[in-house]
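To keep things clear, I will list the structure first and then write my remarks on it.
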Amino acid sequence: MNKPFSMPLVYFIIAVFLCPAILSADKSRIYDAVTGIDEYGEVEHLDVPRPKLFLSKKEIYHFEILEVFLAGVDDLDEELFSIQVIRDGRVYPSVGMEQRIPFRKKDDLLRAVYLPDWNQREGTYEIEVHYGEYRLNTDAPFTFKLLRRPVPIIEPGISIVDLEMNRSITEKNFVNPDGRVNDYSAILEWASFMNADMLWILAGETTTFHRKKRGASPWDQGPLENLQLLKEIAPYYGVKIGAYIMSFYVPGTGGIPDRYEPGLGYNADNGKLYRSRHISLASEQRIQDMIELATQFQQDPQIEYIGFDFIRTGRGDGYELAQLVIDDTGIGTPQGWVELDASERIKWFARKIEVERDPLIVEKWRWWRAHRVAEIVKRVMEEAEITKPVWVYTLGWNHGKEHGQDPVMFFDAGVAFDAVMLYEASQSQFERLLGHWNRYISAEQGNVLVGSCVDYKLLDSDTLTPPDEFFRRNTEAYQNVMRNGFAKGIFFHDIARAFWGRKGGYKFMDYAAAHMSSVYGLKREHRTLDLVVDVMYEEEGESRLSGIIQCKNNSTRDLENIRIELISPGTPVTVTFYRAMSSENEYDTATNSAGARSMSLGSLQTFQTVTVPFVVQNLQTSRSTLLFKVSVENDRHYFIRETVSLRSHTSTDLQTSLD
């Protein structure tokens, strides 16, 4: 009789997997090389059919799901199989830090899903297959590539103003930059005055305000009419037109139109589902309507850019998508799942997010929504045969992912610009918001635009006026939103708010100047200016300072009709500009009387520099903003902003009172 073997029983399994698309072999069965030993010391062998492993794709982008299928393992415990993704000896988890990705039954196959993490490094990755704690060998490395779409080349330092308006612009009165009352052409006069390269117009919107006027069309008529009117006169002002669609949000209290499936929210207090104001991302009819309208934009030669806003769910809705998310991302479900009706499945999923805050499910939910909207944009671009540059608006907080958006996924889907909305954040939140972006994305990975909103309630500051805070946020944003470089442009949101919104007692011109000053700084960083202006000063007393303004023609042609003007502070502050009389640095005010607020410099030849001394007097506060306007050839205006502090000033700073 054999003596019992006293050491613990250990089983090792080594399996060789076949991927028909990658490997080839004649063997139909395999045998393990390392054996188990039974309790009597007898050697045991494992004899199983050769399993098959294959991938849904050999190459994926960041918004795509990689499916790994396993077949031919009926004699083994399916629940013990898993995969890991490896590169350079390091594990790259699926999103949510899922390092060991389990296989789950799908039809007659086992399926594991790999979701590339947020902005994961592109390159070649290897898939390791595990059975329990043991890695299974393969005939050759089993790999896939994670790709990144090349970034479109654009002229950096671009300036955009947008118009978000549902009513017809023919129903409103407007004021030009020079103060004259005018018709809707004032919109383009302002865009031109603000040196805007583009005017982006809300053109496709579905609301519950104008259902009778809309008739059978899914789109309100006001935005479409505005686009039609403005694109006809835009060439006269030298401004390019972009048209954008408000994709899934329906303003108003009348509910989602019957032609669309609504998004579903979840009330954690009473455990009930409710219809939200967002159209479901699964609404095929909405996607078809977007494709149809985008096709019209593509075919219109007067429209040069196409955009999408509200390309997302709401913060607390979208739960009707539960089964899709579970299936696509491999989320495990409880026993008895198949017996639950659709409503109970949705509630289970919503509770995991809203109540239990399951970290893995929350992260997969965020990732899946970003994946879904990137797929929708890609589909619209393909089926509408869009060749024009496309932009999207994304929310700024945590680089968009908390609301199911991701700039990297959008870029991989073919988007040219990501316009990051930096509003609805307090001052401290704004700093954290920029930190999220800077840690996440670098300048070479995409064309990011930044923008602030004309709304004093969204521009809180203990020391700065709303326009000054507008300028500060734009400047902080373009400098810090990405690593290794600057934002590619700044957008002004929006002209309608600048005319009729919450400006806090300030004028359209105050916010326009703040935008233009920040764009000037961005262009300077990108070295795309034709005229470079430097302002230097020193304090001379409690209410007086002196300085110089240097203007350099940085272009390859002469610049004509250059004029410098101090815009603010206004009266009683005075400024005196001095003109050079000779090469001995002698100056006089003969052609510009003392106290005048502007001076003409005439022309500047290529690469010529002129220096203009100035003195500012009667400053009323210890901290003041000097705003200079430099006009070139009567049609371009640059605003240069300098914040000065007078250390010897003893009076109390004046605070602007906002209603």
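The values are calculated or read from the model by the stated rules, or taken from the named source; none is laboratory data. The structure presented is a predicted model; accordingly, all values stated were derived computationally and were not measured. In this analysis, Cβ positions are derived from the backbone assuming ideal geometry, glycine residues included, and neighbour counts consider all displayed protein chains. These area figures cover heavy atoms from the full protein model, side chains too; ligands, DNA and RNA do not enter into them. Shrake-Rupley method; radii C 1.70, N 1.55, O 1.52, S 1.80 Å.
Working from label points 7 Å from Cα in the Cα-to-Cβ sense, the LYS58 to MET97 distance is 3.5 nm. Were the residues from ASP534 through ILE548 laid out at 0.36 nm apart, the gain over their Cα-Cα distance would be 4.2 nm. Rounded, prolate or oblate: pick one for the stretch 300-411, where a ≥ b ≥ c are the square roots of the eigenvalues of its C-alpha gyration tensor, a/c under 1.5 means rounded, and failing that, prolate if a/b is larger than b/c, else oblate. It comes out prolate by the Cα gyration axes.
If you sort the three axes of the alpha carbon gyration tensor as a ≥ b ≥ c, you get a/c of 1.5 or more for the stretch 502-553 and a/b no higher than b/c, which makes it oblate.
Taking the charge dipole of the chain about its Cα centre, with +1 at Lys and Arg Cβ atoms and -1 at Asp and Glu Cβ atoms, the residue from LEU76, GLN605, GLY485 reaching farthest to the positive side is GLN605.
Rounded to the nearest 5, the antiparallel percentage of DSSP beta bridges internal to the stretch 368-496 is 0%. Quick one: with all protein chains in place, what share of the accessible area of the stretch 82-181 is carbon or sulfur, to the nearest percent (1.4 Å probe)? With neighbouring chains kept in place, the figure for the stretch 82-181 is 47 percent. Taking 7 Å steps out from each Cα toward its Cβ at THR387 and ASP77 produces label points 5.9 nm apart. Relative to the longest principal axis of the Cα atoms of the chain, the long axis of helix 466-480 lies at roughly 50 degrees. As a calculated quantity, the FRET efficiency between ARG623 and LYS145 at R0 = 45 Å, using C-beta atoms, amounts to about 0.25. A 1.4 Å probe run over the protein chains yields, for the chain, 45 Å² of accessible area per residue, whole-number rounding.
Extension gain, LYS457-LEU360: 0.36 nm per intervening residue step, less the Cα-Cα distance, totals 31.3 nm.
Taking only the Cα atoms of the chain, the radius of gyration and Dmax are 31.4, 123 Å.
For the residue pairs LYS106/LYS352; LYS57/LYS488; LYS145/LYS488, the alpha carbons lie more than 26 Å apart in LYS57/LYS488; LYS145/LYS488. Charging the Cβ of each Asp and Glu at -1 and of each Lys and Arg at +1, and nothing else, the dipole of the chain about its Cα centre rounds to 980 debye. Shape verdict for the stretch 435-586, please, from the Cα gyration tensor: rounded (a/c under 1.5), prolate (a/b greater than b/c) or oblate. It comes out oblate by the Cα gyration axes.
A simple rule links phi to the HN-Hα coupling: the Karplus curve 6.51 cos²θ - 1.76 cosθ + 1.60 with θ = phi - 60°, which for the stretch 498-508 gives 5, 7, 10, x, 7, 8, x, x, 9, 9, 3 Hz, with x for Gly and Pro.
The distance separating the Cα centre of the stretch 299-319 from that of the stretch 545-560 comes to 42 Å. If R0 is taken as 22 Å, the Cβ-Cβ distance between ARG167 and ARG502 corresponds to a FRET efficiency of 0.80. Of all DSSP bridge pairs formed entirely within the chain, close to 70 percent run antiparallel. Given the pairs LYS105/LYS272; LYS240/LYS507; LYS364/LYS523, which are separated by over 28 angstrom at their Cα positions? LYS105/LYS272; LYS364/LYS523, as the Cα separations exceed 28 Å there.
Rounded to the nearest 0.05, what FRET efficiency do GLU642 and GLU431 have when you use their Cβ-Cβ distance and R0 = 22 Å? Efficiency for this residue pair is about 0.45. Looking at this model, which pairs from LYS172/LYS401; LYS172/LYS457; LYS503/LYS629 are more than 28 angstrom apart at the alpha-carbon? Those over the limit are LYS172/LYS401.
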